[in-house]
Amino acid sequence: MKRANWQELIWVVIIVALAAFWPMMVNGYWLGIGVDMMMYIALATSWVLFSGPTHYISLASAAFFGVGGFIVGTGMSDYDASFWSMLALSALVGGVLAALIGLATLRLSGVYFVIFTLGLAEMIRNLVSWVQNNFLGSRGLYVLTDFTDTHLYWMLLATAAAVYVLGWIISRSRLGFALRIIGGDETVARHVGINTAMAKVILFTTTGIFGAIVGAIIAPRWSYIEPNQVFSPQLSFFVVIMALLGGSGRLWGPVVGVIPFLLIWNWVDANFPHQSILVLGLAFLVIVYFLPHGFVGRIEQLRAHLRSRS
Amino acid sequence: MKPSGTILSVKNVTKRFGGLVAVSNMSFDVAQHEMVGVIGPNGSGKTTMINMISGAHKPSDGRIALRGRLISDQQPQNIARAGIGRTFQLVRLLPDLTVLENVMAGAVYGHRRRWGRDAEDFAHDVLERVGMDAMSDAPISSLTYIDQKRVELARTLAGEPEVLLLDEWLAGLNPTELETGIELIHALRDEGRTVVLVEHVMDAIRSLCDRCVVMSSGAKIAEGTPEEVLSDKEVVRAYLGDDDA
Ligand SMILES: Nc1ncnc2c1ncn2[C@@H]1O[C@H](COP(=O)(O)OP(=O)(O)O)[C@@H](O)[C@H]1O
Ligand SMILES: [Mg+2]
């Protein structure tokens, strides 16, 4: 990931300010899509923080997201806890879980890391389901709050903005530079004095924290939560596809990936409800054959082209 | 500058890869400001020896110390911070970074921990020293082989190492490049740097090294000035037995 500049930050402020008015301008259907988009923008941007520079593809998003949803569900349903305290607890548990996964997977590389994160997320899903069925009595959890979709939208927008600003700060720090070096050649990174294990765990932990926060915020939308739903592996694949479609070389890549993907997905889902999974496959093909660096790559190519002509 | 006091010491170091003994009971010392050549036929364990000093591999046995402090139980990043820098036999650069950024990588995480303008300025200085400052914004893919080697050397120097490990830095250069390369290493010598260099180029060894350690099949078979070791019977036999000599 390239070092971000000040101009980029100003654009973020403007875009966030404009995006905040979305709920006032649209009907319920489009607000719902806005919530989905903000949710995936926050998830994919935090995914890019770690996977962009290191090229480690994580399929553990659903684990963190599910932890957030499940903690809010259990806390509010069974222990009368407040939403906000459960949100804080989610961030903590998501972070600790990610740090543990990071420590366990440090020695794995390439495809092994991908498989391990997917397997781990599935294991957590089954474990939570099993505990829920055998010890906690009920199968679902009720999350009752006064939040409307507008509130959720704003909370997710704030989270996405926070992820972005954090990523912006990291990209300009020693840590961000270290991650680019790690992504290039881990052996070199170690030989120039970088504690590669520490750098990777720190970044993966932030991914876990934000994944859990997003899961916690979205929980009230469903009212009724069951583990198979919040830990769904489909979410992990969605996050990866949208991030790669946009391009993981830039912090704003996911934004330009999430929006078109979700628009197409929703349209296909509404018109050909049984073919929607096809979109996933097609998106994969498009990325591999036409957009190896995502939309970001194409946009930068175009920019370079225009600059060289002027 | 004259060599003085031991800075790096290798004692009874062995490395086994499964059943293969790549390095066997090696011992040698390197004094401050000294240039020590490690020579020997291909596959004799020179790179493995360098890898153990830099921490890329842990010795199976024995100890390596820098200024009397044990380093052979440390991770490479800690050894780098303690003051040992290296280049790789097959050049390793970071292809997605510019030349300048590649060199900055060496300056930012070393024991001086330079950052921002300071790191950039310093990287420019080091690039200038290896004759590459004009290329500082170039992408890595546009560099010739010797330029890649120079950038890698600059990255290592940017870490301000106390001991520099060069693994066949002159290998693969054409005759003109070789001249430039030898000059560059001479300049390092004149700065009084402590260097361990693995080398096959005999002229370079004669003109550069204060002392040589000769390896064959993982073990040390001779040690002394270049003249001494190169006329040693066992050394000649080790080399003649190898097609590469
Ligand atoms: N990582 C490794 N795993 C297994 N064997 C290795 C490894 N590195 C080197 N070797 C073996 O150790 C021996 C010494 O190799 P090396 O140190 O590269 O020799 P040199 O640098 O003197 O040519 C060779 O037989 C080589 O195949
Ligand atoms: Mg070698």
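General observations
- Normalising by residue count, segment B:84-161 has a Cα convex hull of 78 Å³ per residue.
- Helix-only mean residue ellipticity at 222 nm for chain B, each DSSP H run of n ≥ 4 adding -39500 (n - 2.57), per residue, nearest 500: -10500 deg cm²/dmol
- Approximate spin-label separation A:Q7-A:F284, in nm, with each point projected 7 Å along Cα-to-Cβ: 3.7 nm
- Check: segment B:15-78 dipole with +1 on Lys, Arg Cβ and -1 on Asp, Glu Cβ, in debye: 140 debye
- Take each residue in A:203-212, count the other chain C-beta atoms within 10 Å of its C-beta, and the mean is 0.
- Taking B:Y109, B:Y145 and counting other C-beta atoms within 10 Å, the order from fewest to most: B:Y145, B:Y109
- Inverting the pair-averaged 1/r between distinct Cα atoms of segment A:233-300 gives 11.9 Å as its Kirkwood hydrodynamic radius.
- Most positive-pole-ward Cα, A:P23, A:V13, A:L141, against dipole of chain A from beta carbon charges: A:V13
- Distance from segment B:122-174 to segment B:28-78 (C-alpha centre basis), Å: 22 Å
- Label zone of A:T145 (point 7 Å out along Cα→Cβ, amide N under 11 Å): in segment A:38-82 this covers A:69, A:72-73, A:76, A:82.
- Fewest-first sequence of B:R16, B:R155 by Cβ atoms within 10 Å of each Cβ: B:R16, B:R155
- C-alpha center-to-center spacing [segment A:1-71, segment A:91-156] in angstrom: 18 Å
- In percent, rounded to a whole number, the relative contact order of segment B:84-161 is 49, using alpha-carbon pairs under 8 Å and six or more apart.
- A cut-off of 5 Å between modelled amide H atoms, ignoring neighbours fewer than 5 places along the same chain, links B:K15 with B:A22, B:V23, B:S24, B:N25, B:S60.
- Label-point gap, in nm, between A:R107 and B:E191 - each point 7 angstrom along Cα→Cβ: 3.8 nm
- Rg to Rh, two decimals, where segment A:6-234 supplies the alpha carbon set and Rh follows Kirkwood: 1.00
- In terms of surrounding Cβ atoms within a 10 Å radius of their Cβ, B:E128, A:E8 rank from fewest to most as B:E128, A:E8.
- Ratio Rg/Rh [Cα only; Rh per Kirkwood] for segment A:164-231: 1.18
- Charged side chains reduced to their Cβ positions (Lys and Arg at +1, Asp and Glu at -1) give the protein assembly as shown a dipole of some 800 debye around its Cα centre.
- Taking B:G37, B:G224, B:G116 in turn, the Gaussian network model of chain B (Cα-Cα springs below 10 Å) assigns the largest fluctuation to B:G116.
- Based on DSSP H segments of at least four residues, each scored -39500 (n - 2.57), chain A has a per-residue ellipticity at 222 nm of -26000 deg cm²/dmol.
- Annotation: the antiparallel percentage among DSSP beta bridges lying fully within the protein assembly as shown is about 60.
- Candidates A:G247, A:G75, A:G281, ranked by Gaussian network fluctuation over chain A, Cα under 10 Å, top entry: A:G281
- Projecting label points 7 angstrom from Cα along Cα→Cβ for B:D118 and B:E179 puts them 4.1 nm apart.
- Taking the longest Cα principal axis of chain B as reference, the axis of helix B:99-108 is set at about 70 degrees.
- Both radii are taken from the alpha-carbon atoms of segment A:56-154; with Rh as the Kirkwood radius, Rg/Rh is 1.03.
- Relative contact order (percent, whole number), chain A, Cα cutoff 8 Å, 6+ residue spacing: 32 percent
- Magnitude of the charge dipole for segment A:6-234, about its Cα centre and with charges confined to Cβ atoms of Lys, Arg (+1) and Asp, Glu (-1), is about 600 debye.
- Equivalent ellipsoid dimensions for segment A:118-201 as semi-axes, Å, which come from the Cα gyration tensor, largest first: 38, 24, 8
- Using C-alpha pairs under 8 Å with a sequence gap of at least 6, the mean separation divided by the residue count of chain B gives a relative contact order of 26 percent.
- Just checking the listed ones, A:A88, A:A44, A:A270: in the Gaussian network model of chain A with Cα springs under 10 Å, the one fluctuating most is A:A270.
No lab work stands behind these numbers, since they all come straight from the coordinates. Not measured: the values here are computed from a predicted model. Using ideal geometry, Cβ is built from the backbone for each residue, glycine included, and neighbour counts are taken over all protein chains shown.
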